[in-house]
1. Quick one: which residue in PHE86, PHE76 is among the aromatic types (Phe, Trp, Tyr) and either more than 17 Å from GLU31 (Cα to Cα) or not in a strand (DSSP E or B) (or both)?
2. With LEU103, LEU72, LEU127 as the choices, which residue is within 13 Å of GLY37 (Cβ to Cβ), assigned by TED's automatic domain parsing to the domain that holds ARG32 and not β-branched (Val, Ile, Thr)?
3. Does THR254 satisfy the condition of being free of Cβ contacts under 8 Å to residues at least 40 places away in the same chain and under 30 Å from GLU181 (Cα atoms)?
4. So which residues in the stretch 215-233 are in contact (Cβ under 8 Å) with a residue 24 or more places away in the chain and surrounded by fewer than 18 Cβ atoms within 10 Å (Cβ to Cβ)?
5. If I filter the stretch 299-308 for residues that are buried (at least 18 other Cβ atoms within 10 Å of the Cβ), without any contact (Cβ under 8 Å) to a residue 60 or more places away in the chain and either on the phi > 0 side of the Ramachandran plot or of a type outside the set (Asp, Glu) (or both), do I get at least one hit?
6. Checking the conditions here, which among PRO353, PRO322, PRO259 is surrounded by 15 or more Cβ atoms within 10 Å (Cβ to Cβ), farther than 27 Å from ASP202 by Cα and not small (Gly, Ala, Ser)?
7. Checking VAL272 against (1) among the hydrophobic types (A, V, I, L, M, F, W, C); (2) in a loop (DSSP other than H, G, I, E, B); (3) within 16 Å of ALA351 (Cα to Cα), only one condition comes out false. Which one?
8. I'd like the full set of residues that are among the aromatic types (Phe, Trp, Tyr) and at pLDDT below 85, limited to the stretch 106-133.
Amino acid sequence: MKKQVNYIMLGTGIVLLLGWSGASLAATPPERINVQGVLRDSAGNPVNGAVDMFFNLFDRPDGCAISEEGFLLSDFQSVNVSGGLFNVALGAGELNPAGASGLREAFRDNTEVWVEFTVAGPPTERLCPRVRVESVAYSLNADHLDGKDATEFIDTSATPQTKAGDLTVGGNLTLTAGGLEFPDGSVQTSGVNSLPPDTCFDNVGRFVVCGDGAVKDNLTGLFWLENANCFGSLNWASANIAAAQLADGQCGLTDGSSPGDWRLPTDAEWQVIIDQAAANGCVSPGPFVPNTFGTGCWSEGDPFAGVQSVFYWSSSTFASFPNNAWLTSLVDGVVFSSNKTFNLLVWPVRAGP
């Protein structure tokens, strides 16, 4: 017996905003669309009883032509019909293809969604034309913007949030509290990109006295603290901390540097210095440091101040014995290791801007 259907589609989607303890949460909208209709047989009599029906979603109308083009998903349900009236929650039945996650993606990814009603029979009867779902059902994606889930946007509350992948900022990044934490665990709380442009150049020697408490090595590009004896003697951990906290206003600096810009030189960076001094003919008792031109041996103010013929720490740990670190002896131009608890001098360096 042929059946006909008169139908109305009603959709509701509600986003609830709940708040407690200062936090704002959004409820996930229910993935259901309420479908109401009237099912009659070919004689116009209301149908009664259970009727198996397919509710098929397409991304296009059909004009009553049989076509599977644009098929999105199917929802099979046993519908209770009383006096011809039926009321189902589309999305609550057996979805096909298997594994279909629900209605959300259908309305997220398609600007048009059409419903086709099929009575399972026997015999199977396809009712046409398809009916377009109007805008109310699109509230299923009320927690999306431009196809992106709400979790993909920045949460402006105090709740921690993680961004996977690169983050490109087209303007200023302002920190009102905290700092920038780097992969090595260090945190920079101020002075991000604070160094002014590098104007420390001349046409004369290897080293340039910048006039702001720093001396630039034109060979390596490193900036050395002009005062080679600002901190006195410290153990290795304290020496690293002191160097990392060095900033403009300390040790004669007016270079605009901030905590985190300065550090201890590595053993390799020390080796470059003492190798040049040895090549220049510097001898014990030193100090094994080149002069401004890079062709002779250091003397007071040429270019550094307060250089001592003693031992200076490097930042490099001795791999075979981690409780030791590499140091440089400016007495005889030798790099070797020593226990980190010993107190040695501190001479920080930094990179350019």
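The values are calculated or read from the model by the stated rules, or taken from the named source; none is laboratory data. Values in this document were obtained by computation on a predicted structure and should not be read as measured data. Glycine also receives a Cβ, built like all others from the backbone with ideal geometry; neighbour counts cover every protein chain displayed.
1. On inspection, the qualifying residue turns out to be PHE86.
2. Just a single option satisfies the conditions, and that option is LEU127.
3. no
4. LEU219, THR220, GLY221, GLY232, SER233
5. no
6. Going through PRO353, PRO322, PRO259 in turn, the sole match is PRO259.
7. (2)
8. Listed by number, the list holds a single entry, PHE107.
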